[in-house]
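The values are calculated or read from the model by the stated rules, or taken from the named source; none is laboratory data. Computed from a prediction, not measured in an experiment: that's the story for all the values here. Positions of Cβ are backbone-derived with ideal geometry, glycine not excepted, and every protein chain shown enters the neighbour counts.
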Amino acid sequence: MLFSDLQLNDQLMDGLNAMGFKEATPVQQQAIPFILEDKDLLACAQTGTGKTAAFILPVLHKIVSGNTSGVNTLVIVPTRELAIQIDQQIEGLGYFVSVSSMAVFGGGDGVTWEAQKKSLVLGADIVVATPGRLIAMLAMGKIDFSTLKHLVLDEADRMLDMGFFEDIMKIISHLPQKRQTLLFSATMPPKIETLANKILTQPQKINLSLSKPAKGIKQQAYVVYNNQKNDLLAHILKSPDFDSVLIFASTKVKVKQIDELLRSKGFSCKAFHSDLEQNVRAEILREFKNRHLRIIVATDVLARGIDVDNISLVLNYDAPGDPEDYVHRVGRTARAAKTGVAVTFIGQEEQRKFAGVEKLIGDFVPKIEVPDEIGEGPEYNPLKRGSFNRDQGRRNFHHRKKSQQFDGRNANFKDGEVEKTGRSGSDSKRKYHGKRGGKAPEGKN
């Protein structure tokens, strides 16, 4: 379906045409008509499918088409980065229309606070806010939401994961009961349905590819000992095919350690985590988007709310603790129907976690042989709890033959047999838990 088929305002169409947007994504095709009809909406679609434009475009259309004053639309999001990103998208999509917007978030200085407060008091058409800062603004008692027509909760599942349920309900208590409410989520756990039942009225429902990575993502994994991760990381990053890389680690401490390691090896890299001031975080993202910075190492604060074109590689240094986080992490690449590579390092104690990922996405992620110069890794067998001989860096009770050989500069692997030895010492064939084979990480085709 073309955007021209959705009967949007002519000025909005001028903006879409100027940006080269012709065809609506599936979530936009389904969501925009419902929103234009003033229906409440519960929409679940994987990350990178155009959810933001799915609500921005019809809201802009309705603002331009009607006589509005004061705050017309409130968009609540989990992170500063996402608030800034949505505000920028409103500015881009609404370039040819007269609509004001403001991102309201914490972490800024006194000047930022005053600018945000002024936009709320005077009534920007669209306010994009994080829950914590909005609660603080509401405590001043000068915010008037009586003119509000639309409430949008974006990345609602993430907000609930971060413990914002009570804050969301408190904010909603300040809003008119008669309004259109739109709830967007990348996943649909039971707590989202509970929230939807509380705040939505006879909603239309959209459910697209629940908890599935985008088709354009080439997923791969290495089964490794923890002491092999750093060498394998440096090996992969030597490939010139990966010119824009996002690395996820489980803790801020580990993010800082990886950043220090990579910079010591001469890689263009910066760490991104919640300890950084907002202006520093914004500058890092700006450098990354402009290709002045090749690598960002981040916590899950960047698993959502970053929209950077053509990230060639997402690398999970650790298997995510929550399988849903895997979907969000790898969703940073292959956005808007493009392609990308997602690689995960599965450490000794992370195999059951990754088995949970494979169960969630309904598929096995191909396991790639660790390069010879780094050494043999453990067997992928998440159903067993093996003992480890950490001095030797191998399991005590498994033996594995090489299943693939490295094949040249493009990091292709040739399939071979996978044969395992039973506990008794006699050779026997065993069922392999997960697919093997395929190719090592490649750049974009």
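There is at least one residue in region 135-155 that is in contact with a Pro (Cβ under 7 Å, 6 or more places away or on another chain) and under 30 Å from residue 236 (Cβ atoms). Restricted to region 309-319, and to residues there that are in a loop (DSSP other than H, G, I, E, B) and on the phi < 0 side of the Ramachandran plot, the residue that is surrounded by the most Cβ atoms within 10 Å (Cβ to Cβ) is 311. Selection within region 202-224: residues that are of a type outside the set (A, V, I, L, M, F, W, C), outside any strand (DSSP E or B) and at pLDDT below 95. The member of this set that is surrounded by the most Cβ atoms within 10 Å (Cβ to Cβ) is 213. The single residue among 38, 87 that is at pLDDT 90 or above, of a type in the set (Asp, Glu) and more than 23 Å from residue 208 (Cβ to Cβ) turns out to be 87.
Working carefully through the options 330, 370, 365, 314, find the one that is in contact (Cβ under 8 Å) with a residue 12 or more places away in the chain and touching a Pro at 6+ places or on another chain (Cβ under 9 Å).
On the way: 370 fails: touching a Pro at 6+ places or on another chain (Cβ under 9 Å); 365 fails: touching a Pro at 6+ places or on another chain (Cβ under 9 Å); 314 fails: touching a Pro at 6+ places or on another chain (Cβ under 9 Å).
Result of the check over 330, 370, 365, 314: 330.
The residues listed here are 189, 176; of these, the one that is modelled with pLDDT of 95 or more and surrounded by fewer than 17 Cβ atoms within 10 Å (Cβ to Cβ) is 176.
Of the candidates 286, 263, 281, the single residue that is part of a helix (DSSP H, G or I) and crowded, with 20+ Cβ neighbours inside 10 Å is 281. Filtered by the rule that a residue be of a type in the set (Val, Ile, Thr) and out of contact with any Lys or Arg (no Cβ under 7 Å at 6 or more places or on another chain), region 249-299 gives 251, 253, 255, 258, 280, 295, 297.
Can you spot a residue in region 291-300 that is under 26 Å from residue 188 (Cα atoms) and in contact with a His (Cβ under 7 Å, 6 or more places away or on another chain)? Checking region 291-300: at least one residue is under 26 Å from residue 188 (Cα atoms) and in contact with a His (Cβ under 7 Å, 6 or more places away or on another chain). Among the residues of region 156-173, those identified as under 18 Å from residue 41 (Cα atoms) and modelled with pLDDT of 95 or more are 168, 169, 172. Among the residues of region 320-353, just one is crowded, with 23+ Cβ neighbours inside 10 Å, at pLDDT 90 or above and of a type in the set (Gly, Ala, Ser), namely 342.
None of 76, 63 is surrounded by 22 or more Cβ atoms within 10 Å (Cβ to Cβ) and within 15 Å of residue 125 (Cβ to Cβ) except 63.
Which residue is surrounded by the most Cβ atoms within 10 Å (Cβ to Cβ), if the candidates are limited to region 354-375 and must be of a type in the set (D, E, K, R) and under 21 Å from residue 239 (Cα atoms)? Result: 367. Checking 128, 99, 104, 111 one by one, the residue that is surrounded by fewer than 17 Cβ atoms within 10 Å (Cβ to Cβ) and of a type in the set (A, V, I, L, M) is 111 and no other.
Somewhere in region 228-237, is a residue more than 26 Å from residue 382 (Cβ to Cβ) and assigned by TED's automatic domain parsing to the domain that holds residue 315? Looking through region 228-237, at least one residue is more than 26 Å from residue 382 (Cβ to Cβ) and assigned by TED's automatic domain parsing to the domain that holds residue 315. Of the residues making up region 99-155, those that are at pLDDT 90 or above and of a type in the set (Val, Ile, Thr) are 99, 104, 126, 127, 128, 130, 135, 147, 152. Against the test of being surrounded by 15 or more Cβ atoms within 10 Å (Cβ to Cβ), of a type outside the set (Val, Ile, Thr) and farther than 30 Å from residue 332 by Cβ, the options 117, 142, 170 yield a single qualifying residue, 117.
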